[in-house]
Amino acid sequence: MKKILYLSIICATALFAAEAELGTIDVEAKMDTEVIKDVHGEDVQSADVAEALARQSSSVSLIRRSGISNDIIVRGQMKDNISVTIDGAKVCGACPNRMDPPISHVLSNNIDYIEINEGPFSVEEFGALSADIRIHTLKPEKEVHGDLNLNFGSWGYQKGSFNMSGGIGKVRFLLSGSAEKGGQYEDGDGNDFIGQIDREIALGKVPASAQYQTQYQDMDAFEKKTGMAKLFWEIADNQELRLSYTGNRSENVLYPSSKMDAIYDDSDIFNAEYIATDLGQYSKELKIQAYQTEVEHPMSTIYRKSVAMMGFEMTHSLDTKMQGAKIKNSFDLDNHAIITGLDYSLRNWDGGYFKNGTPLPEAKFHSIYDTDTENRALFLEDKISFGKHTVDIGLRYDDTTVTSQNIKQQDNDYSELNGFITGTYFVNEETQFFAGIGKSSRVPDAKELYWMGSMGNPIGTPELDATVNYELDLGAELKYENSTLKAKAFYGMLKDYIAYNASNIKKMLVKGNEVPVTWNAYENVDAKVYGIELSGTYIATDSIYFDYGLAYQRGEKENPLRGQTGTNMPDIPPLKFNASINYDYDDTLNMKAEVIAADGWSDFDAENGEQELDAYAILNLKATKTIASSFDITVGVDNVFDETYAVSNTYKDLVLLATPGNEAMLLNEPGRYFYTNLRYKF
């Protein structure tokens, strides 16, 4: 399989010697920032942002959970090690099993562009350990315009969406809405979700009770509706008020490799910003922001055979609310561009277990017991320009408290001074070099500290320390007449990385029998993560252009976890390669061929549930035709050769299907997928 992978990469490099949509990855951004523009989602199985990012960037790897609401890995880090904001609003999921990760609470059709700030080089956001992802949604414009979209794809995928923007006087507005649903996709072997579970049952890896009941086996994989409204009011020539609301309503989302499915997943994002410019010598721009995000997520066994076999249904219902405010002021002083600010956020997270709709007894009910994570921070950034050099210096001081309403669980206080210094040397307009060193941190979340199992066993570890990342980055960017090349390397030392230890098991008496259960599964361990990233573009002719990206990282724990011998870090994807060729004809026809490939997982955390995955290489094709300047037709096929492969590993921090002593169920990616998108612009 590895030979196939390497041949695919060599052939792709040789054949696609041009550049993919130059608008897709903006290499004009800072050296430590990647900007993704083309995430509108007409060429993916759903409007899932995680899928769109994994297709567009070799630095982003997908964690597949279902047909929608998937998660991502950046530089070998995931979950709370990545900060995600939507128009500056911090978003968190409610599910401790990552069924509703932060990036799933906005759809790709509502996005203008996404910034991926890699490394510890952001001081504006709380908890940006390895990456700070800033999602910028579409903005209202003065002229009235919009678009209507209809999407159709294999396995019953259907989506309709609209977007309308315009202005009256000093007021601009934007309205957007969508509805989509998709059936259970089939992998390259022709297995839908039911078939994939049957395969695992036949191998003895998954209990028969995990299969869906007969009456639910033809269910769609998901249904989702969204709405977004924005109002921008120009109060004065230099002042603007921005109000926005985003709502997401998902129903009956199936998670075949998990024990439960989401009955619904609802989120509401409220955002208000006041922006004033040119207030004086020491205020070039002043921004005041307040936001609130809310998520409700009940998951249940109701569709599974376990209900009939065990005689009851289990539901795990959780909700989380994030409230925040930020004041940021920027001004210029000689050759200094200075930003100062205050940042505040308060996250509440609460959840419990229900049996046949009735709460379990108090001692076993609370999974996460009404926990608050409150952060107060000051930040300062100074960008100094002189000659061919720029030096960027940032500092952030965080004071964070994590408190549980359960008096038996200890409170935790964390304080940390983070910062960075980066330098860029512009040899000329075509060549620049970058170097940076920084420190960032993130505190343990309520799951890692306080999570309780349904038997009353403490899975979380209340004594955890915050994780700190000390990182060195080096890079270079070269621009030629018809091509670009960007190269980056990083080396991060993680102090007190929060790892899951599957060996931490104790026995509890249940109805007179000793049952092994997970106990204080999280622990701190020092580790290191390092890697390289390459990306570039090449314009072959006026009509043909090409781009590519490659990312490789490795991670190692300094010492094994308690009771273990291995030192491989979890969540470290192998070498990944993206390449695409575009052909533009007369601005009315665009055709694209794309290769996405990855090496096999040869270094993985086996003692904590990960397993060896095969290498893969897939080919995707797409063509878009514009008719009369206002009507676009897109047709395409993904995974042309119907390959069977998996991209997501089975780290036990996620609760996945397995029988004792067996590896957890791998969820394969979709097989060959045909789609059509119709778009009318006005």
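Every read-out reported here was derived from the displayed coordinates using simple, explicitly stated rules and does not represent laboratory data. In this text, all values refer to a predicted model and were calculated from it rather than measured experimentally. Every residue, glycine as well, gets a Cβ built from its backbone with ideal geometry; the counts of neighbours run over all protein chains shown.
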- [ ] Compute the convex hull volume of the Cα atoms of the range 26-152, divide it by the residue count, and report the result per residue in Å³ as a whole number.
- [x] 122
TODO: Take every Cα pair under 8 Å in the range 604-682 that's 6+ residues apart, average their separations, divide by the length, and report that relative contact order as a whole percent.
DONE: 36
Task: Lys/Arg +1, Asp/Glu -1 at C-beta; the range 526-595 dipole; positive extreme among Y552, N578, T541 - done: Y552
Open item on the list: Taking only complete DSSP H runs, can you tell me which helices of the chain stretch 15 Å or more along their own long axis by Cα positions and average at least -1.0 on the Kyte-Doolittle scale?
Closed with: 2-15
TODO: Give the longest segment of the chain that steers clear of GluC sites (Glu not before Pro) in DSSP loops with at most 11 neighbouring Cβ atoms within 10 Å, not counting the sites themselves.
DONE: 144-428
- [ ] Starting from the Cα gyration tensor of the chain, take the square roots of the eigenvalues, sort them a ≥ b ≥ c, and report rounded, prolate or oblate (rounded when a/c is under 1.5, otherwise prolate if a/b is larger than b/c, else oblate).
- [x] rounded
TODO: Could you please state, rounded to a whole Å, how far the C-alpha centre of the range 211-252 is from the C-alpha centre of the range 55-89?
DONE: 18
- [ ] Name the shape class, rounded, prolate or oblate, that the alpha-carbon gyration tensor gives for the range 103-219, where a ≥ b ≥ c are the square roots of its eigenvalues, rounded holds for a/c under 1.5, and otherwise prolate holds if a/b is larger than b/c and oblate otherwise.
- [x] oblate
TODO: Place a +1 charge on the Cβ of each Lys and Arg in the range 525-597 and a -1 charge on the Cβ of each Asp and Glu, then give the dipole magnitude about the Cα centre in debye, rounded to the nearest 20.
DONE: 620
Open item on the list: Considering just Cα atoms, how many Å³ per residue does the convex hull of the range 467-550 enclose?
Closed with: 132
Task: Dipole axis of the range 233-327 (+1 Lys, Arg; -1 Asp, Glu on Cβ), positive-most option in M322, V307, F270 - done: V307
Task: the chain, relative contact order in percent, only Cα pairs under 8 angstrom and at least six apart counted - done: 14
Task: Per-pair calculated FRET efficiency, R0 = 56 Å: F674 and K507 via Cβ, rounded to 0.05 - done: 0.60
TODO: Among the lysines, select those whose C-alpha is under 22 Å from the C-alpha of K205, and discard any that sit fewer than 8 residues away in the same chain.
DONE: K259, K305, K652
Open item on the list: Going by amide H atoms built from the backbone, whose H comes under 5 Å of the H on D112, apart from near neighbours?
Closed with: H136, T137, L138
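Could you size up the charge dipole of the range 169-267 around its Cα centre, putting +1 on the beta carbon of Lys and Arg and -1 on that of Asp and Glu, and report it in debye to the nearest 20?
For the range 169-267, the charge dipole is close to 480 debye.
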- [ ] Taking the Cα centre of the range 401-477 as origin, work out the dipole magnitude from +1 charges on Lys and Arg Cβ and -1 charges on Asp and Glu Cβ, in debye rounded to 20.
- [x] 400
Open item on the list: Can you give me the orientation-averaged projected area of the convex hull built on the Cα atoms of the range 225-318, in nm²?
Closed with: 8.3
Open item on the list: Relative contact order for the range 224-371: what percent, with Cα pairs under 8 Å and sequence separation of 6 or more?
Closed with: 16
Task: Rg followed by Dmax, in Å, when the range 608-665 is reduced to its Cα trace - done: 19.3, 61
Task: In the range 95-173, the trypsin sites (Lys or Arg not before Pro) that fall in loop regions by DSSP, at most 11 other Cβ within 10 Å - done: none
